[in-house]
Structure formats: C-alpha cells, structure tokens
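Structure first, then comments.
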Amino acid sequence: MGNYPFSETAGGAPSGPAGGDLSGAYPNPVVSQIDGTALPLEVALGGTGQTAAPAAFNALSPMTTVGDLIYENTGPTPARLPIGSTSQVLTVVSGKPAWAAAGAAANYPYIAPSGDPTGATDKANVAAAVATLPTVMGNPVGLIRLGPGQFYSPSTGWYSGTLSGVYFQGAGKWATYVTVVSGTTPVFKFHDTSTYITRTIHGGGLAGLTIDVTNMSGGYGYEMGDIFQFEEDFAVVSTAGTTLAGGAHWLNNTAGCFAEGKSGKVYVQNCNPCFNYDVGAGTNSYDRCSTDHYVNQSNTAFNCFQFSNGAQIVDGNTGWHGNAASSTTAATGALFALSGAGAGLYSGPFNVGVEADGTFANRSQSVNFGAGTEISGVGFFDIGAGSAFAASNNGGSWNFSGVVLGDATLPSINFYGAWAQSIGTGGTLFAGIASQIIASPGAPATGVIMAAAAGPEQTITIINPTSFSITFAAAGTSRMALGVAVVIAANTSRTFVWDSTTSLWY
C-alpha cells in the first residue's frame, strides 16, 4: 500500500488520518482500494464487483433462470442445468445430471392423472409412456405405472395395437379410476397380429385399476385377444343398470393367433354383457386359462357370462362367482349364454358360485345352450338352490361330474354313474362321461342317434326300463356299427364300446 505519514501516540499506536490504499483515521483505518484500484474489484481482477454476499455469489454463478441448478462440468468448470418440466425427475445421463420423465431412466414410466376431462391429455401421456419403453427382440417391453386418482379416456380409447410384453399397473383396483367420456372404443384394446409360431415375446398385462363405462354408448370397456399368457387383475363397472356397453371382451380376430394361458381375476358390474369370450377371424381357443370371473349383474336382460361364435375354454381352471338380480318383468338374460358350434367349457375343472338375488319371481336363465354348444368337465356348480335361476334349455349339451345345486335340468353325471335321458324317434342319446344311460322312450323310438364318445375306448351301457323299444338309425347316422340292427327291447339293456379308429360304437 502507498506510504502516508502518521504520528505516534505516547503508547506507541499510530494516529491521524490514513492514506494510500487506506481511508479513515488511525488506529482503525479501512482498505478502500488496492494498488490504486477502487473496491469492490471486478470479476476480471479477481473480485465479484459486489459488496453483499448474495449478490457476490450471483456475480460468479452460471444460473440465469428460476429453478436453475449448478453442477461441475468437464474442465472442471461450473455449468448451468435449466429447470425441468412438471413431473420430471433428476437423473443421470452420460455421467451428468439431467431431467427426465419420472421413472424413464429405469424404464418404468409413471403417469399421473392430468385432470383433463376430455381424456385427450391422459391418452397422450399413455402414448408418450409407451414410446419410452425399451425393446427386446423388436418388441416394446416394460412396466407403465398409473398413479392414484381419476383418469379420463376419450371416445378413441387410450391404446389399440400389438402390446405383448408390456404391463400397465395401476395403484389399486379402486385407487386408479378411468372414466370413459363417450363412444364405443375400449380403453385398452390389446391384439398381437403376429402368428403364434413367429412370436418372440409373449405375456403382458393389465392390473390395479377400474374402468367406468357408464357413459359409453356401446362396445366394451376392455378388449384383449391373440396374445399368449396375458395377465389380468382389474374391474369394469357401470353405475347404471341400463348401460349399453359391455365389460370385458376377449376376441381372437387374427388367424393363427391364440389367447391361451391367460391368468388372473376380473370383476365386472352391470354391463351388457359382463363377460364375453368371442371369435372374430381367429381361433376359438382360450384354452389352459386360469381366470376367476366376478360378476355383479343388476339387469336380468343382460347376460353375465357369454361365449360367442364358437369360443371355448378347454382344460382351463376357471372360477365364475358373484350375484345376479331378479326382476318384476320377464328376464331375457342368462348366467351362461353359449352360441356358435363348439362354444362352451370343456374338460377342465371349474367352480361356479353365483346367487340369484332379490325377492322377485323373474330370474335369468341358468344356461342358454345354442346349437352345438356344451359345458363338460368336473367341479362345483352352485347357482342357488334357495333362489334358483330359471331352468336351462339343456338338450344333452351338459356333461358335468360334480356337485350341482339350483337347476334340475343340469344333472351331475359321474364316471361310474347313470345319466337319465328321455328319447323319441330321431332323437339323440349322449354318453358324456357316464358309464350308463337310462333311456326312457314314451313310445317306440326309431331312427335314434348315439352321440360320439367322450374319449377313446369308452364303454357305455344303455338301459331301457320302459315297455317301448329303441331302434337306432343307419350306421352312418347313428354311429352304431350295426346300424338299424341295434334294437334295445323293452326292459333290457345292451353294452357298447367306442372305437376311435372307425368312430363307431360296437
């Protein structure tokens, strides 16, 4: 600092005015400049140009905008990270901090309800989340998480396309709630259009959410088909008993594709119908599935469980549970409605436990069998002995071994038991899985047909306890090897063995 004369007091301390780079007076002068340069020093001279701490920090900071962050860049030098957008999280990209969609770095995109009642924003967010997923062998895979709260789906739905290997997971069946604004398009419509043989990825799923179809004018809230080993745990509901929309729709509409091996549990309330297994241009097979179906049906004009166009479940392990209402007016719906040749449940075990609620006289039909449809297998079939459904139209399409409660037209047929059947001219006797048929003609019956066996080399004994004879049709029609020569006289019986090579009874 520059020199400036001062005097010394008796005690030895300097006194008098300060000079040079100092100002004020001794004994407490202050630094006012450095080598002639006034303070505060500018940044170029090693200072900040400021006299207060916040302003001094800002003078050196690279930040420019509210929400900016500072990080150490290569060099090393400080660098500015601009603020991200709403719902983004801080992650690391190539060794540096960066903003990204929540969970995107771990391939678990998270979607929060937007609050947009048109559904357009939620639909766009779903599309954006799907676009962030990684691929395995050319297929998008991963988990998309839906937060708690109310979402909206527009009339065009949320997603339609191939999506094997992708899982949508809500925060809980009643925590994540999706309201359909209008229209007939499902919220989710999953179909894999590749053939079963060429697929490289299977699976995918939908769980932890509820779809509300009250405002829909038709269609279904959910649709899946042509995907192998799909997983499900969700609900489709209507808050009105007159809703036009269906609930859960399984539709195989691509040739060579299957929806086999699906698993989970699905709840549907007050839809038309609640559940529908269907066939478009694809296969009729939903075999080997392990699915529990829970129904709450308030309208007796609507079907609960429907199999359409020949759709079937073979060797599945399925449950059918819930409640169906009664009505003051004629009921036109059914608990099970089967249409299209081959439609129905076959071979596998299934448990049915559905109540026909209410005090009114009119209840839905238990099973409405269409031509060529069937329910066969083993298990428990309880449809309410106390307040039973209306009787089925069973005409030999029922081959069930187990406990049956609630409908006398659906008898339990045991492997070593007898199946009582009435028979008339031109009628058909069914072997099912019984070992005996008790045939009861009301008059001499001719041109009788014997249905094919349930399995290879089955043995069946036909008992005629009446005073009228039973004569079979020609072999090509009756499946009896001796054709019209097969006569079961009054109060007699005959035993036959099925030959799977010739497809005839001997």
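The values are calculated or read from the model by the stated rules, or taken from the named source; none is laboratory data. Everything numeric here is computed off the predicted structure, so don't read it as measured data. Every residue, glycine as well, gets a Cβ built from its backbone with ideal geometry; the counts of neighbours run over all protein chains shown. Areas reflect the complete protein model, heavy atoms only, side chains present, ligands, DNA and RNA absent. Shrake-Rupley method; radii C 1.70, N 1.55, O 1.52, S 1.80 Å.
Of all residues in region 446-489 being in a loop (DSSP other than H, G, I, E, B) and over 21 Å from residue 500 (Cα atoms), which is most open to solvent (accessible area, probe 1.4 Å)? Give the derivation first.
As a first pass, look at region 446-489 and keep what is in a loop (DSSP other than H, G, I, E, B): 451-458, 465-469, 473-474, 479, 481-482, 486, 489.
Pick out the ones that are also over 21 Å from residue 500 (Cα atoms) and you get 465-469, 489.
Working: 465: 71, 466: 26, 467: 88, 468: 70, 469: 42, 489: 47 Å².
Residue satisfying both the conditions and the ranking: 467.
Could you give every pair whose Cβ atoms fall below 7 Å, whose first residue belongs to region 430-453 and is under 19 Å from residue 482 (Cα atoms) and among the aromatic types (Phe, Trp, Tyr), and whose second residue is modelled with pLDDT under 90 and outside any strand (DSSP E or B), counting only separations of at least 6 or pairs across chains?
Short answer, once both residue conditions are applied: 430/396.
Evaluate the following for residue 286: is it more than 28 Å from residue 455 (Cβ to Cβ), of a type in the set (Ser, Thr, Tyr) and within 18 Å of the chain's Cα centre (by Cα)?
Answer is no for this residue.
Given the criteria farther than 16 Å from residue 492 by Cα and in a loop (DSSP other than H, G, I, E, B), does residue 443 qualify?
On the way: farther than 16 Å from residue 492 by Cα: no; in a loop (DSSP other than H, G, I, E, B): yes.
For residue 443, the condition - farther than 16 Å from residue 492 by Cα and in a loop (DSSP other than H, G, I, E, B) - is not met.
Report those strands (runs of 3 or more DSSP E) wholly inside region 157-207 carrying at least 2 residues which are surrounded by 18 or more Cβ atoms within 10 Å (Cβ to Cβ).
166-169, 176-180, 188-191
What residue, of 51, 86, 65, 77, is surrounded by fewer than 10 Cβ atoms within 10 Å (Cβ to Cβ) and modelled with pLDDT under 70?
51
Among the residues of region 415-427, count how many are in a strand (DSSP E or B) and closer than 17 Å to residue 478 by Cα.
Adding up the residues that qualify gives 3.
Each row is one residue, and each column tells you yes or no for (1) within 30 Å of residue 198 (Cβ to Cβ); (2) out of contact with any strand residue (DSSP E or B) (no Cβ under 8 Å at 6 or more places or on another chain); (3) small (Gly, Ala, Ser).
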| position | (1), (2), (3) |
| --- | --- |
| 75 | no, yes, yes |
| 92 | no, no, no |
| 97 | no, no, no |
| 101 | no, no, yes |
| 134 | yes, no, no |
| 137 | yes, yes, no |
| 143 | yes, no, no |
| 146 | no, no, no |
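Can you confirm whether region 183-193 contains a residue that is of a type in the set (A, V, I, L, M), in contact with a Leu (Cβ under 7 Å, 6 or more places away or on another chain), under 22 Å from residue 120 (Cα atoms) and touching a residue at least 24 places away in the same chain (Cβ under 8 Å)?
Taking every residue of region 183-193 in turn, none turns out to be of a type in the set (A, V, I, L, M), in contact with a Leu (Cβ under 7 Å, 6 or more places away or on another chain), under 22 Å from residue 120 (Cα atoms) and touching a residue at least 24 places away in the same chain (Cβ under 8 Å).
Name the single residue, out of those in region 490-506 being open to solvent by 50 Å² or more (accessible area, probe 1.4 Å) and in contact with a Pro (Cβ under 8 Å, 6 or more places away or on another chain), that is modelled with the lowest pLDDT. Give the steps one after another, and end with the answer.
Looking only at region 490-506, we keep the residues that are open to solvent by 50 Å² or more (accessible area, probe 1.4 Å), and these are 491-495, 497, 500-503, 506.
Next, only the ones that are in contact with a Pro (Cβ under 8 Å, 6 or more places away or on another chain) stay: 491, 500.
Numbers: 491: 96, 500: 88.
So, considering only residues that are open to solvent by 50 Å² or more (accessible area, probe 1.4 Å) and in contact with a Pro (Cβ under 8 Å, 6 or more places away or on another chain), the one modelled with the lowest pLDDT is 500.
For region 137-144, state whether one or more residues are of a type in the set (S, T, N, Q) and either open to solvent by 50 Å² or more (accessible area, probe 1.4 Å) or in contact with an Asp or Glu (Cβ under 7 Å, 6 or more places away or on another chain) (or both).
Scanning region 137-144 turns up no residue that is of a type in the set (S, T, N, Q) and either open to solvent by 50 Å² or more (accessible area, probe 1.4 Å) or in contact with an Asp or Glu (Cβ under 7 Å, 6 or more places away or on another chain) (or both).
Filtering region 17-30 down to residues that are at pLDDT below 70 and outside any loop (DSSP other than H, G, I, E, B), which residue is most open to solvent (accessible area, probe 1.4 Å)?
So, considering only residues that are at pLDDT below 70 and outside any loop (DSSP other than H, G, I, E, B), the one most open to solvent (accessible area, probe 1.4 Å) is 30.
What number of residues in region 428-445 are within 21 Å of residue 474 (Cα to Cα) and open to solvent by less than 20 Å² (accessible area, probe 1.4 Å)?
Looking only at that region, the number is 6.
Determine whether residue 327 is touching a Ser or Thr at 6+ places or on another chain (Cβ under 6 Å), hydroxyl-bearing (Ser, Thr, Tyr) and more than 27 Å from residue 281 (Cα to Cα).
yes
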